[in-house]
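This report concerns only the one structure given below.
The values are calculated or read from the model by the stated rules, or taken from the named source; none is laboratory data. All values derive from a computational prediction rather than experimental measurement. Counting neighbours? That spans all protein chains shown, and the Cβs are built from the backbone with ideal geometry, glycine included.
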Amino acid sequence: MELISVVVPCYNEEESLPLFYDEIKRVSAEMKEKNELSFEYIFVDDGSKDKTLSILREMAKEDNDVRYVSFSRNFGKEAAMYAGLEATKGDYVVILDADLQHPPKLIPEMYSYVKSGECDCAATRRISRKGEPKLLSFFSNQFYNVINKISQTYIVNGAQDFRFMKRQMVDAILSMSEYNRFSKGIFSWVGFKTKFIEVENTERVAGTTKWNFFKLLRYSFEGILAFSTAPIEFPVFAGIFSCFSAFVLLIILLIDIFLWHTGWTQTLTLLTVLLFAAGVVLISLGIMGQYISKTYMEVKKRPIYIKAEDETSQR
Ligand code: UDP
Ligand code: MG
């Protein structure tokens, strides 16, 4: 019998949790009727300050399929997802939010895609940003534009953390044990075939969002820093530009000395020297940046490759 692990990060979700639990139980009961399946539910209490933990204790007591991990303080959703994945034993794992913004009723469809071998991971992608402030949508879209220009890892605009994955992909994600985690990038970095189901934006059932503009901004920098070394390598280009400008000025300076005699010689000399010196410093910084960025990537200890299949997979 196949096991599906459901992973739910929870931070101050006392209001949504009971509603979520009813819904996920309803969906899994439906799936069990049609397929030979069993479920385990892994809730991660990310240092909640409300009754989330006591609700989870109660749920685990009543329902043997429910397990939970509770953090000593708030470590953030990324850490909660990692802990949740680590605790799973299933052949398939689905991660979703506790606020029903990731509707559990999509799980049967996701399961069928992965089960049939059509893909290794089924995820949702929101195609509308209804209910979100216009300015925030603008910045979000810009974030995807920027990161996809400077990073090798392609991140699909609007892709959500609602993922139904094969065990193999979960193990690959767990093998990326970096501390500064940016799941949107990690899901994409590990590869495997992902099918996106397009969904409308769903509002949260109860409680409030834990995100605000500044947290999102910080998170987007996290993403850029985790998946691109462009910022630290940038000074090289500025330096080359600066040296090139110095070279052009030098030519103008020489023409001025021998031909034009404008009387600007001193200023031009000063500018040429300044631009050249700045250029040399910037290029040196950029070269150091190259070494630092390589060291940075090594320190993450990401796997060198991730295997999808070999001949034993078919036997
Ligand atoms: N969450 C968490 N730790 C945090 C913040 C959020 O585990 O520090 C959980 C939260 O309980 C929810 C999910 O992550 O299940 C998404 O959070 P939220 O709904 O606040 O984000 P949004 O949907 O507004 O992006
Ligand atoms: Mg939410």
Residue satisfying condition, being surrounded by 15 or more Cβ atoms within 10 Å (Cβ to Cβ), at pLDDT 95 or above and not polar (S, T, N, Q), within set Lys166, Lys184:
Lys166
If you check every pair at least six apart or on different chains, which have Cβ atoms under 6 Å apart with a residue in the stretch 1-15 that is within 16 Å of ligand 2 (Cβ to nearest atom) first and a residue that is assigned to a strand (DSSP E or B) second?
Val7/Ile42; Val7/Ile95; Val8/Phe43; Pro9/Val44; Cys10/Phe43; Cys10/Asp45
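With respect to Leu96, determine if the residue is buried (at least 18 other Cβ atoms within 10 Å of the Cβ), at pLDDT below 95 and either among the polar types (S, T, N, Q) or within 16 Å of ligand 2 (Cβ to nearest atom) (or both).
Answer is no for this residue.
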If I filter the stretch 21-37 for residues that are near ligand 1 (Cβ under 10 Å from one of its atoms), touching a residue at least 12 places away in the same chain (Cβ under 8 Å) and buried (at least 19 other Cβ atoms within 10 Å of the Cβ), do I get at least one hit?
no
When the residues of the stretch 218-238 are narrowed to those that are closer than 27 Å to Ala122 by Cα and within 16 Å of ligand 1 (Cβ to nearest atom), which ends up nearest to the chain's Cα centre (by Cα)?
Gly223
Identify all residues within the stretch 134-159 that are aliphatic (A, V, I, L, M) and not in a helix (DSSP H, G or I); write none if there are none.
Ile155, Val156, Ala159
Residue in the stretch 202-254 that is modelled with the highest pLDDT, counting only those that are in a helix (DSSP H, G or I), within 16 Å of ligand 2 (Cβ to nearest atom) and aromatic (Phe, Trp, Tyr):
Tyr219
Extreme residue, surrounded by the most Cβ atoms within 10 Å (Cβ to Cβ), among residues of the stretch 122-140 that are among the small types (Gly, Ala, Ser) and within 25 Å of Thr194 (Cβ to Cβ):
Ala122
Residues in the stretch 160-201 that are more than 14 Å from ligand 2 (Cβ to nearest atom) and assigned to a loop (DSSP other than H, G, I, E, B) total 13
Counting only residues that are of a type outside the set (A, V, I, L, M, F, W, C) and within 20 Å of Ile155 (Cβ to Cβ), which one in the stretch 225-243 is surrounded by the fewest Cβ atoms within 10 Å (Cβ to Cβ)?
Pro231
Determine which single condition Thr52 fails, assuming it passes every other condition in (1) more than 16 Å from ligand 2 (Cβ to nearest atom); (2) crowded, with 17+ Cβ neighbours inside 10 Å; (3) more than 24 Å from Ile197 (Cα to Cα).
(1)
Quick one: which helices (runs of 4 or more DSSP H) lie wholly within the stretch 1-113 and hold at least 1 residues that are closer than 21 Å to Thr124 by Cα?
16-34, 77-87
Answer with yes or no whether Val69 is touching a Leu at 6+ places or on another chain (Cβ under 8 Å) and within 22 Å of Phe43 (Cβ to Cβ).
no
